[in-house]
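Read the structure below first, then the notes.
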Amino acid sequence: MELKSNVPEGPVEKKWEKHRFDLKLVNPANKRKYTILVVGTGLAGASAAASFGELGYNVKAFCFQDSPRRAHSIAAQGGINAAKNYCNDGDSVHRLFYDTVKGGDYRAREANVHRLAEISVSIIDQCVAQGVPFAREYGGLLANRSFGGTQVSRTFYARGQTGQQLLLGAYQAMERQIGTGMVKVFPRTEMLDLVLVNGAARGIVTRNLVTGKIETHTGDAVVLATGGYANVFYLSTNAKGCNVMAIWRAYRRGALMANPCYTQIHPTCIPVSGEYQSKLTLMSESLRNDGRIWVPMKKDDARPASQIPESERDYYLERRYPSFGNLVPRDVASRAAKAACDEGRGVGPGKLGVYLDFADAIRRLGEKTIADKYGNLFEMYERITDENPYKVPMRIFPASHYAMGGLWVDYNLMSNIPGLYVLGEANFSDHGANRLGASALMQGLADGYFIVPYTIGDYLAKSKLEKVGADHPEAKKVEAEANERLKKLLAIKGKRTPDSFHKDLGKLMWDNCGMARNAKGLETNLQRIPELREEFWKNVTVLGAGEEFNQSLEKAGRVADFLEFGELLCLDAHHRRESCGGHFREESQTPEGEALRDDQNFCYVAAWGFKGDGQKPELNREPLTFESVHLTQRSYK
Amino acid sequence: MRITLHIWRQKGPHDAGRLVTYEVPDASPEMSFLEMLDVLNERLTAKGEEPVAFDHDCREGICGTCGVVINGIPHGPRAATTTCQLHMRSFRDGDHLTCEPWRARAFPVIRDLAVDRSAFDRIVEAGGFIGVNTGSAPDGNSIPIPKKTADLSMDAAACIGCGACVAACPNASAMLFVAAKISHLGLLPQGQPERFDRAAKMVARMDGEGFGNCTNTRECEAACPKEIGVEFIARMNRDFLRAGVADRPEKATAGGA
Amino acid sequence: MGGTSTCWVRQLFLSSIGKKSVMAVTGLVLFGFVVGHLVGNLQVFIPDDGKKLNAYAAFLKANAGVLWGARIVLLAALLAHVGIAILLALENRGARPVAYRVKTYREASYAARTMIISGPLILLYVVYHLLHFTWGTVHPSFNHDDVYHNVITGFQQPAASAVYIVAMALLGLHLFHGLWSMCQSLGVNHPKYNALLRAGSAAVASAITIGYIAIPVAVMAKLLK
């Protein structure tokens, strides 16, 4: 299949401006004749739903959470980037663009990233106007801080709760539209499948999680903003409910899944404490601004941190990457931590952890300054570990955190299925093979507030869409299939819980497709995952009924999809025999052990197409060309 | 550690519900409270008994989904902590824990420990926003905001909408939640144009949802995992009374060309 | 536009915060009475065999306009205070139809939790008080023109004194929460003055209780005759 990215002609900094003019508009009076279905109410979904409502479209928004305000964007801590250059430190749209392309290890679409950098500026203005209480300087102007992977301060933040505050802004904007009647929200409602009519996305099948009622909603376009799939690792920093169902069902209906192997392992998470562990907690990587990362020089050093003298500590990031030091990008920091632990120099129970030490910063800036900057993170750490980070160094370890891969979209954020738009983390995104800190919030809001409201109008204006109701034969068919699947899950009545399968899958993924991958491990997974899936469909137990509030049934459906998706992720990882960003292929490294990219053979987006159960997915390639940024091997030395 | 749980089991909103006793003989102090419930649920499922339904999502204390009243205290005994961030080290070996859902007419029980808090969304819908459309915003730095003001606004904005304030209030009042939102927006210059109107509309909706009245017991403040204070309730009272007493009634205006 | 005005008045005063503010304002009026009444009563301690006190009573009676004006305001405040308290209590009970099996209080003071008990008891006491000292119905030797005599002989009965002492303790409890609560309901809350406000409420409530109790105690102790 030929992938048409629809990137407009012209110099990169003029493309979006030109494109906006070229996009067809929908007459204001006609907008109310269209209905847009938005699935997911995180930053991307809520901002899109609010903007559509403001423009005059009818919107139906869906989320599985009990309130749209609880989408997992809420957990983002550190901040949001914008090329405002408020700090007078040489920032510009071009620099943000450059940093993001480079940070993404040259696996992102240049034009998209430039647009993102341009829009970043408007996002901050919009959020301030909505009442997002960003941190301020004493003079009353907006404060900034620096973040991993960059050398300027361009990150705006609201304490350690930036995601929460931005989401509340978008949620409130959406609630306002609910009040005007433009948006109708369906909370505790999960999308089970996608309805295509004449090849275009025209509806979704949902399950009301309270009553169990299966319903079909139809409209003129479907927008998926359903987040990422990091929970394929079972243990991740994602919320327990985050799942791959919506985009996986779309994939099975023909949408292409791009770069699923690009997953981000975040370096600053609280280490695992036991078998029962249900999720991992991330602490903002802004901690790396003032914390110094180290492990003991000696292997199996059992002394407490305070008794290890300076001379016997290895500040390995500062040693290996003198110019970026503790602020190297996430993938580099994570791999370095793994390497230290693999050498037997890890700290804490199980030796899976490294120190993040604030002693120097506290000496230099005082405890109060540190508390002002990171107080809530320190509290959170203490609550979980019962250790006081003002006194003893934090212990951190990488954890699965974000998915750069996702459904393939063109420049208009439309997938290869007409009328199916994919926003935020759910699309294969602007982050290439690795996302820089404070860029996810930027992308989610850029997509929702400032891109899709324009591009969807172009689609609607150009398409001739017949009326499709819930009684359309295609809708009926998809609804029957979704029903069937749930009935099947309930009928197995096996011996194992959905969670136990999820844990097994997670372990396979972490061990063989985590921070470092090799052909052998991936082949193991490609064999083991189908076996596990087969066992699941024979031996899972789901109690209760379909027509009621049934959390086991929700979980089982999500695990079933992860069991299919995990295999595709490994397949993609297996085919990409290069190291890039979050995907480190052991067969492809420099003599010093740094990631080695292979631009000759892999400078493309891998977009996989579903060919049927048991069939090998089809690989489509979208070549990546770089006109403004030169392909170089990343170096943070 | 051995924990004896007395958990509220209720099939649906119209079921009477009752406390059922379960034993977890091998809880670990490092586990979170919800992980302890996970362990219980896995065992119940394996035995063919339906697991305990409870709401949870982020498990890092920010989404506001979780909430269990443990021995009469919403989110359990540890101050400034959500249920998901509560660890078993806060309890002792041999403890008996009574686990109940948030109880309020405005929060009907869905099943077991899960309740419907959509009343909160409807209160926000009534006016908990600043009415600006996308795209019309001036530069972020065009309105300087004193740091103290921004910080105070952030204190209020930290509300996670969990509903512990309602659960803790002897009268099931939602004043702290509503006050937090009204204060978050009302403190900022951007929120001034709608400040008094917002207070009036949100309070009216709050009253319509069937929450109780505030009797200034300050139980809400003690239960709030984000330590939001009743100071904001006083602020809301001021704004609301000012709106009620001094604001001009809305006039129907004729449409212009 | 009359229609709009009745509408906004109803909206304001039947809203939860409106009702609370009525409680606060009427509470303030009643509090003012409690203070004034105490100041008047304390004249009993002036060692002139009750001349000043009786003169004060006579003065009030002579100015019927002022007296009845005050009485009407007080009665209205009392009715509003009680009526809305009943309304609030009913609504609050309805807001939690299923009670907790276990409920632990962390912050709410005993006074705050028992307003709905101390309030009606004080009301009952007020009725008794009127029967006792205003109308003399339940007084052993009531003399319309000699307040001092009524006080001394009234409190010489231990049962009557006991009722007064208990009632004034309840009043103190009611005011302890009521005074701070009144400020909070009307929006008076500032981090600079909150500690003062809390302490001040407690001090004033205690002072009022002590002041009132001092009279029966003094009579019983035969300091007043």
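The values are calculated or read from the model by the stated rules, or taken from the named source; none is laboratory data. All of these numbers come straight from a predicted model, not from anything done at the bench. Neighbour counts run over all protein chains shown; Cβ positions are idealised from the backbone, glycine included. Note: accessible area is taken over every heavy atom of the protein model, side chains too, but ligands, DNA and RNA are not part of it. Shrake-Rupley method; radii C 1.70, N 1.55, O 1.52, S 1.80 Å.
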Subject >> Beta bridges by DSSP in chain A, antiparallel share as percent, to the nearest 5 >> reply: 70
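Ordering B:Arg218, C:Arg106 from largest to smallest accessible area (1.4 angstrom probe), what's the sequence? Intermediate results must be reported in sequence, preceding the final value.
Working: B:Arg218 50, C:Arg106 85 Å².
Reading off the accessible areas and sorting them downward yields C:Arg106, B:Arg218.
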Original post:
Taking amide hydrogens as modeled 1.01 Å from N in the peptide plane, which residues meet the under 5 Å criterion relative to A:Phe186, leaving out close sequence neighbours?
Top reply: A:Ala61, A:Phe62, A:Cys63
Subject >> chain A - percent relative contact order, Cα under 8 Å, separation 6 or more >> reply: 20
Subject >> Overall dimensions of segment C:60-152 by Cα: Rg and Dmax, Å >> reply: 19.2, 58
Subject >> Relative pair counts by distance (%), Cα atoms of segment A:481-612, 10 Å bins >> reply: 12, 35, 27, 16, 8, 1
**OP:** Enter the accessible area of C:Ile213 (Å², nearest 10), with the probe set to 1.4 Å and all protein chains included.
**Re:** 40
Original post:
Considering only C:Ile122, A:Ala480, A:Ala29, whose Cα is most displaced toward the positive end of the charge dipole of the protein assembly as shown, charges sitting on Cβ of Lys, Arg (+1) and Asp, Glu (-1)?
Top reply: C:Ile122
Original post:
A:Gly494's amide H: which non-local residues (gap 5+, or another chain) put their own amide H closer than 5 Å, with H modeled 1.01 Å from N in plane and none for Pro or chain starts?
Top reply: A:Val540, A:Thr541, A:Val542
Original post:
Cα convex hull of segment B:5-69: how many Å³ per residue?
Top reply: 108
**OP:** Using the Karplus curve 6.51 cos²θ - 1.76 cosθ + 1.60 with θ = phi - 60°, work out ³J(HN,Hα) for each residue of segment A:515-531 in order, rounded to whole Hz, and write x for Gly and Pro.
**Re:** 5, 9, 10, 9, 4, 5, x, 5, 5, 4, 5, 5, 8, 6, 5, x, 5
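Sorting B:Lys201, A:Lys487, A:Lys503 by accessible area (1.4 Å probe), largest first, what list results?
A:Lys487, B:Lys201, A:Lys503
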Original post:
Taking a quarter of the surface of the convex hull around the Cα atoms of chain C, what do you get in nm²?
Top reply: 16.7
**OP:** Return one whole number: the accessible area per residue of chain C in Å², for a 1.4 Å probe.
**Re:** 54
Original post:
Just the C-alpha atoms of segment A:483-542: what Rg/Rh do they give, with Rh taken as the Kirkwood radius?
Top reply: 1.08
**OP:** In whole angstrom, note down how far apart the Cα centers of segment A:533-567 and segment C:127-182 are.
**Re:** 72
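Leaving ligands, DNA and RNA out of it, report the carbon-plus-sulfur percent of the accessible area of the protein assembly as shown at a 1.4 Å probe.
On the protein assembly as shown, the fraction of accessible area on carbon and sulfur atoms equals 57 percent.
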Subject >> Taking only Cα atoms of segment A:447-535, radius of gyration then Dmax in Å >> reply: 21.3, 53
**OP:** Could you pull out every residue, at least 5 positions away or on a different chain, whose amide H is within less than 5 Å of the one on A:Met394? Hs are placed 1.01 Å off N in the peptide plane, and Pro or chain starts have none.
**Re:** A:Leu356, A:Phe358
Original post:
Residue by residue through segment A:563-569, which ³J(HN,Hα) values in whole Hz follow from phi under the Karplus form 6.51 cos²θ - 1.76 cosθ + 1.60 (θ = phi - 60°), with glycine and proline marked x?
Top reply: 5, 7, 5, x, 5, 5, 4
**OP:** Once you've got the GNM for chain B with C-alpha springs shorter than 10 Å, pick whichever of B:Ala180, B:Ala119, B:Ala246 has the biggest mean-square fluctuation.
**Re:** B:Ala246
Subject >> Diffusion coefficient, µm² s⁻¹, Stokes-Einstein with Kirkwood Rh over alpha-carbon pairs of segment B:3-111 at 10 °C and 1.306 mPa s >> reply: 111
Original post:
Whole number please: convex hull volume per residue of the Cα set in chain B, in Å³?
Top reply: 173
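What do the square roots of 5 times the Cα gyration tensor eigenvalues come to for segment B:145-257, in whole Å, largest first, as semi-axes of the equivalent ellipsoid?
Details: eigenvalues 136, 67, 25 Å².
In descending order the semi-axes read 26, 18, 11 Å.
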**OP:** Let me know the shape class of segment A:267-399, please: from the alpha-carbon gyration tensor, a ≥ b ≥ c as square roots of the eigenvalues, rounded when a/c is under 1.5, otherwise prolate if a/b is greater than b/c, or oblate.
**Re:** rounded
Original post:
Which order do A:His630, C:His37 take by accessible area at a 1.4 Å probe, largest first?
Top reply: A:His630, C:His37
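What area, in nm² and to one decimal, does the C-alpha convex hull of the protein assembly as shown cast on average over all directions? All intermediate terms of the calculation are to be shown ahead of the outcome.
Values: hull surface 198.5 nm².
Averaged projected area of the protein assembly as shown's Cα convex hull equals 49.6 nm².
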Original post:
Solvent-accessible area per residue for chain A at a 1.4 Å probe radius, Å²?
Top reply: 33
Subject >> Area of C:Lys51 that stays accessible when all protein chains are in place (1.4 Å probe, Å², to 10) >> reply: 140
Subject >> ³J(HN,Hα) computed for each position of segment B:236-250 - Karplus, 6.51 cos²θ - 1.76 cosθ + 1.60, integer Hz, glycine/proline x >> reply: 4, 4, 4, 4, 5, 5, 4, 4, x, 8, 9, 5, 5, x, 6
Original post:
Per-residue accessible area for A:Ser429 at 1.4 Å probe radius, Å² rounded to 10?
Top reply: 10
Original post:
Which whole-number percent is the relative contact order of segment B:3-111 (Cα, under 8 Å, 6+ apart)?
Top reply: 34
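For segment B:52-99, go through all pairs of different Cα atoms, get the mean of 1/r, take its inverse, and jot down that Kirkwood value in Å. Spell out each step's value before the answer.
On the way: mean 1/r = 0.0895 Å⁻¹.
With all distinct Cα pairs of segment B:52-99 included, I get 11.2 Å.
Would you work out the relative contact order for segment A:267-399, in percent, from Cα pairs under 8 angstrom that are 6 or more residues apart?
On the way: 194 pairs, mean separation 44.7, N = 133.
This gives 34 percent for segment A:267-399.
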**OP:** Using Cα centres only, tell me the gap between segment A:607-637 and segment A:13-73 in whole Å.
**Re:** 28
Original post:
Tell me which lysines have Cα within less than 25 Å of A:Lys476's Cα, excluding those fewer than 8 residues away on the same chain?
Top reply: A:Lys33, A:Lys60, A:Lys184, A:Lys213, A:Lys464, A:Lys467, A:Lys487, A:Lys488, A:Lys555, A:Lys611
Original post:
What does the convex hull of the alpha-carbon atoms of segment A:346-434 project to on average, in nm²?
Top reply: 9.0
Subject >> Å³ per residue enclosed by the Cα convex hull of segment C:1-93 >> reply: 111
Original post:
If you line up the Cα atoms of chain A on their principal axes, what length do they span on each, largest first, in Å?
Top reply: 73, 59, 48
Original post:
If one computes the Cα centroid of segment B:196-257 and of segment A:172-227, what distance in Å separates the two points?
Top reply: 32
